[in-house]
1. Can you name the residue in segment 474-494 that is farther than 18 Å from Ala512 by Cβ and among the charged types (D, E, K, R) and, of all such residues, is surrounded by the most Cβ atoms within 10 Å (Cβ to Cβ)?
2. Restricting attention to segment 364-408, which residues are assigned to a loop (DSSP other than H, G, I, E, B), open to solvent by less than 20 Å² (accessible area, probe 1.4 Å) and more than 28 Å from Lys635 (Cα to Cα)?
3. Among Gly829, Gly794, Gly740, which is the only one that is surrounded by 16 or more Cβ atoms within 10 Å (Cβ to Cβ) and within 49 Å of the chain's Cα centre (by Cα)?
4. Between a first residue in segment 103-131 that is among the polar types (S, T, N, Q) and a second residue that is crowded, with 18+ Cβ neighbours inside 10 Å and assigned to a helix (DSSP H, G or I), which pairs have beta carbons less than 9 Å apart while being 6 or more apart in sequence or on different chains?
5. Please specify each residue of segment 174-213 satisfying the condition of being of a type in the set (D, E, K, R) and either outside any strand (DSSP E or B) or within 50 Å of the chain's Cα centre (by Cα) (or both).
6. Looking at Val457, Val528, Val471, which is the one that is crowded, with 22+ Cβ neighbours inside 10 Å and modelled with pLDDT under 95?
7. Kindly check whether there is at least one residue in segment 605-613 that is of a type outside the set (Ser, Thr, Tyr), closer than 26 Å to Ser729 by Cα, without any contact (Cβ under 8 Å) to a residue 12 or more places away in the chain and surrounded by fewer than 18 Cβ atoms within 10 Å (Cβ to Cβ).
8. Considering only residues of segment 563-597 that are in a loop (DSSP other than H, G, I, E, B) and open to solvent by 60 Å² or more (accessible area, probe 1.4 Å), which is farthest from Pro383 (Cα to Cα)?
Amino acid sequence: MEIPSKFDAKGIESKWYSYWQKNNFFKSSPDEREPYTIVIPPPNVTGILHMGHMLNNSLQDIIVRRARMRDFNACWVPGTDHASIATEAKVVAKLKSEGIEKSDLTREEFLKHAWDWTEEYGGVILEQLKKLGCSCDWDRTKFTLDPEMTASVLQVFEQLHNDGLIYRGYRMVNWDPEAQTTLSDEEVLYEEKNGNLYHIVYPVVDSDERVIIATTRPETLLGDTAICIHPEDERYTHLKGKKVSVPLTNRTIPIIEDDYVAMDFGTGCLKVTPAHDQNDKLLGEKHQLEVINIFNPDGSLNENGGSYENLDRFKARKIIVKDLEAQQLLVKTEPHRHKVGVSERTKAVIEPRLLDQWFLKMEELARPAIDGVLNSKDIELLPEKFKNTYRHWMENIRDWNISRQLWWGQRIPAYYYGKGKDDYVVALDEVKALEKARSKSGNASLTMDNLRQDEDVLDTWFSSWLWPISVFDGIRYPENEEIQYYYPTQDLVTGPDILFFWVARMIMSGYAFRDEKPFSKVYLTGLVRDKKGRKMSKQLGNSPDALKLIKDYGADAVRVGLMLSSAAGNDLLFDETLCQQGKNFANKIWNAYRLIEGWEIKEDLQAPNVASEALEWYESHFEKTLAWVDENFEKYRISDALMSIYKLVWEDFCSWLLELIKPEYGEPIDRQSYNKVIALFEKNLRILHPFMPFLTEEIWHYIADRKPEEALTIAAWPKVHTYDKKCISDFELAQQIIGGIRNFRKEKNISPKEQISLYLNSKPANFNYESAIVKLGGVSEMYYSIPPKDLAGGSFRINNLEFFIPTNAVEDPKEEKEKLISELKYTKGFLASVEKKLSNDRFVSNAPEKVIELERKKAADANEKIILLLKNLESL
């Protein structure tokens, strides 16, 4: 087939994706091969593709495609997360727009709306990943609320509860008033915010004295149940046992003593609000104080707020401050910058709240996970800098609040049969729950009507922490063929922002439920930022439409653009011009094949020396580059691997090899050279394929009529063979000489078409690339001798070699002398830096012998060049 003149990405992407799917190239089932398994970080079920997804999934696809070509049984498991908080918020907003409040619906009615929403919008992101070229085994697609996934989660809950690791406790928790649910400590972000410190008067009962309290939250005074002073603070000893009036209320509260109070902080007096501060709660328990909750679940004030009831907490604060001022109970207000906890999901300010919640003890689960990463190094975190972050979190881990006050999610399998604190059982269904409840209570007359299931659902992360096991049904059936074959998985590619939420917890669950790591390596990508270094967000309007990028530039170009801007583990500074660079690269490859395909082949033509030598060089150079690419893949330097291939194809293949072997205009090429260049081009396509799957598959099928089993996506990744190092270094010298000739032509305004003569003071030993210099340098004759003294022209030097090109223009001795002095100064400086390195005992004793040898050769060459330059200066 004749290849079209222009590469049309849009026209081929759906064609080849359908072809790959039709032929089940991405499908995996256990066989005799070694597995290579990756589980996708499941995106939110109703999410859409953004730049973070693009980076993360491009990386995974590149790694998986290469593994498939290396004859691993590559299995990339896709799926989505039910994302309790985010999805429920979207459904609630949708219902509100239709005039329906969640509170007006039963649980079952709300869940029907949630499932309708999920079925309408869910999975869109997976279809978008196909447009990017992701080679997942789509038959394995999982959703964290699939029946078998839910059964696994509930089974784990029951097991951990039976083991005494899950417990129910009345604790101070993080409450999100917007989502109206509790959050784990890891879901709370602490942000620096500007606020105020309010100094409030608390009058002492039956006295003219008053106590001054400083607080950032004046509204919480409505829940105060004591004032606390230090027992050794002489300023307040006389107040012991007295009471104060709570401003704006009719309540009086006691003054208590505790050494918890810092005498030198603030006024040395502390207001105690046990319902709304963790430390105050502990003080309240110690001194048996009353607990007064002043907030509704939505953050407004409740009936304990008195005249401020139903006001939003921040509106109430403003009014309370005005009322305190009016009653002369506010001494002063001063600006105060402090850290405020906000919800990671909704960004609402967190409210500490006392609730009965379910917790998972983490200390015991964390031990093997700490050992696996930090001691035995069973699991490798890349880049290594994240190990310290991991260590800090794991060694300071706290119990995990796993219950959420939502309806969308896995409902906690706890059933209450009485009013006592312990009158509950944990079971996988109502029938088993009734049986357990009868046994535990000793009441055989209990019926289903006596059972009440816990209203809360489990934290979404409590389902996704099982992901590498549950996708292969390894919780319910721990001996099944799939879990035995695919687990542990090999690599995990994800963002550092979920190192705690997800990665650390998966490591814990792997050791807890399989007694084995879930993966061997974790590759933590950077965050996608704009070219100014700002994090991409809707608010800043700096996040490009991912699908529009694919439409405008093509999936291959976008993948290349992302990889070119992505250094391992560092934040990615994304610039749309990199996608244009990727598109230019695609066009370059396309046009390279069009050039080759356009050559007429003459069967009986002998291969010219210049073509044979150039092909021999490229074969060696390809092998050297391939070894470097493989090494970079092993070290997860995927961007560096692409840069090597980019340079190989654009510069070495297109700018050097093709220029050397292409026949003169209108002339044919010999069969031997043509076949060799096609074979080398196919090798290029093989190592390009993981990065640019669509373009490479398209050209692969233009080169030859291929059967499905010969498709590039399942073709073999090239194996590294030995290569001729001298051949490579000789060609590098030829490239430098050609570059020197081109610079000389530019300086002297000599047309590239004008043939020149070249004098060289001596011939390098066993040098084989004269024909390349002649062809690309436009050289008619080469002389290995000193030019005649009366011959006009100019010179240039490369290493210890001196070149002379005759010209009609007379060389200006002064200009030549300045050039030589400048070159001499540079070479002496270079020699000094090399000699300094060689005189460093630490370098000489630690560096490999090859490196030291190379440095010595650099020094010798520099010395020879200095002698040559001095000789030339003397002759001038």
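The values are calculated or read from the model by the stated rules, or taken from the named source; none is laboratory data. Model, not experiment: these values are computed from the prediction. Every residue, glycine among them, receives a Cβ derived from its backbone with ideal geometry; neighbour counts consider all protein chains shown. All accessible areas refer to the heavy atoms of the entire protein, side chains included, with ligands and DNA or RNA removed. Shrake-Rupley method; radii C 1.70, N 1.55, O 1.52, S 1.80 Å.
1. Asp491
2. Answer for segment 364-408, where residues must be assigned to a loop (DSSP other than H, G, I, E, B), open to solvent by less than 20 Å² (accessible area, probe 1.4 Å) and more than 28 Å from Lys635 (Cα to Cα): Ile402, Leu406, Trp408.
3. On inspection, the qualifying residue turns out to be Gly740.
4. Thr118/Thr87; Thr118/Val91; Gln128/His53; Gln128/Ala546; Gln128/Ile550
5. Hits for segment 174-213 are Asp176, Glu178, Asp185, Glu186, Glu187, Glu191, Glu192, Lys193, Asp206, Asp208, Glu209.
6. Just a single option satisfies the conditions, and that option is Val528.
7. No, the conditions are met nowhere in segment 605-613.
8. The selected residue is Glu576.
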